[in-house]
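The values are calculated or read from the model by the stated rules, or taken from the named source; none is laboratory data. All figures in this text were calculated on a predicted structure; none of them were measured in a lab. Neighbour counts are summed over all protein chains in view; Cβ atoms, including those assigned to glycine, are modelled from backbone coordinates with ideal geometry.
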Amino acid sequence: MAAVCVAVAVVVAILVGILGRGIGDGRPEADRSGVAAARTGQATGAGGPLVRGAVPAADERSAAQRRLDALGGRLGLDTYQGTWQVYIEDLVTGASLAVGDHAAYAASVIKLYVMLAVFQRIADGALADTPQVERLLEQMVTVSSNEATNTLVRMLASDGERGFDVVTRVAREHGFASVNLSQWLGVLDGDVQAKRTSASDAGRFLAAAYRGQLVSREASERMIGLLLGQTRRAKIPGGVPGGVAVANKTGEAAGVDNDAAIVFGSGSTDVFDGTGTAALGRRGDYVLIVMTEGIADAEATRAAIRSLSATVWATMET
């Protein structure tokens with residue numbers, strides 16, 4: 001009788017163990033938690049919930065970098081008239097390519113940094129976020145109004161600091177070391193140092209905005225919204241299929257044709273998730289910057305930019 005009782009107890013213990021793990025699932029509890037976390041896109045770490053995939057796998061980034069490096073050899077920048085520089089960044093992995101990168105005349109691409117300074121001053125409480133400021137930002141970005149830009153630059157000045165200096169200082173505080181603004185927009189005297197940036201700085205600017213890292217998530221989102229309203233679409237946007245969203249800022253002057261763009265190859269321009277934080281980069285989204293100088297034929301240069309944009313698109317979307 002005692003032996004029977006022992007046998008029954010053993011059977012009961014085994015059944016309880018099975019039910020505790022979940023019938024049909026022989027994994028320990030920790031393993032099943034890992035599966036559940038994977039299904040919900042989260043894993044648990046020492047600092048709390050982590051978004052799975054927030055850091056791309058090393059092999060994914062390496063593959064993206066190899067693809068960009070190979071692309072650099074096919075761009076053929078030395079076959080174009082004038083001097084060209086290009087920056088490309090894959091917004092999923094962070095892999096990037098800079099060709100011919102150097103500080104050069106920004107033309108109206110400098111307005112990116114005026115926009116940054118405006119949002120930084122608003123965040124600092126030094127500038128009121130009024131409908132007038134919003135209208136001026138829209139005019140500056142979407143139709144590249146020099147008058148709106150100069151008005152905003154004047155509004156940035158305070159405590160004896162010129163608005164020009166505010167733009168330059170804020171840009172450099174955000175890590176864009178090549179940037180300099182020391183001249184009103186619309187003044188074209190050939191001083192290449194007066195409105196200056198590099199392809200890599202403009203590219204990192206747009207990548208930071210995409211990730212919600214410029215001033216704040218809200219400010220970054222508003223910047224992208226303004227750039228999506230751009231009306232000048234003859235350069236980088238002209239090299240991607242119709243219907244693809246592009247957030248861009250162009251710049252032109254004698255001998256200069258520039259464009260700085262985020263291409264939303266994923267089909268979605270909503271780069272922030274429902275919790276108000278930057279979403280993971282979506283496959284197909286990338287930054288492309290093209291800056292030129294010393295060109296003689298603007299129309300031929302714009303056609304070449306479109307061709308280059310199409311080449312980058314074909315690489316990034318495969």
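Quick check: is even one residue across the range 108-115 in a helix (DSSP H, G or I), modelled with pLDDT under 95, of a type in the set (Ser, Thr, Tyr) and closer than 26 Å to residue 299 by Cα? No, the range 108-115 has no match at all.
Candidates are the residues of the range 110-144 that are over 24 Å from residue 204 (Cα atoms) and small (Gly, Ala, Ser); the one that is surrounded by the fewest Cβ atoms within 10 Å (Cβ to Cβ) is 125.
Scanning the range 145-162 for residues that are in contact (Cβ under 8 Å) with a residue 24 or more places away in the chain, farther than 16 Å from residue 222 by Cβ and buried (at least 17 other Cβ atoms within 10 Å of the Cβ) yields 149, 150, 153, 155, 156. Every condition in (1) at pLDDT 95 or above; (2) touching a strand residue (DSSP E or B) at 6+ places or on another chain (Cβ under 7 Å); (3) at negative phi holds for residue 100 except the one numbered (3). Among the residues of the range 215-240, those that are assigned to a loop (DSSP other than H, G, I, E, B) and either out of contact with any strand residue (DSSP E or B) (no Cβ under 7 Å at 6 or more places or on another chain) or without any contact (Cβ under 8 Å) to a residue 60 or more places away in the chain (or both) comprise 215, 216, 229, 231, 233, 234.
Close Cβ contacts (under 7 Å, 6 or more residues apart or on different chains) running from residues in the range 197-214 that are in a loop (DSSP other than H, G, I, E, B) to residues that are of a type in the set (A, V, I, L, M) comprise 198/103; 198/104; 211/278; 212/278; 214/116; 214/208; 214/223. Output the number of residues of the range 176-202 satisfying the condition of being among the acidic types (Asp, Glu) and buried (at least 21 other Cβ atoms within 10 Å of the Cβ). Summing the residues that are among the acidic types (Asp, Glu) and buried (at least 21 other Cβ atoms within 10 Å of the Cβ) in the range 176-202 gives 1.
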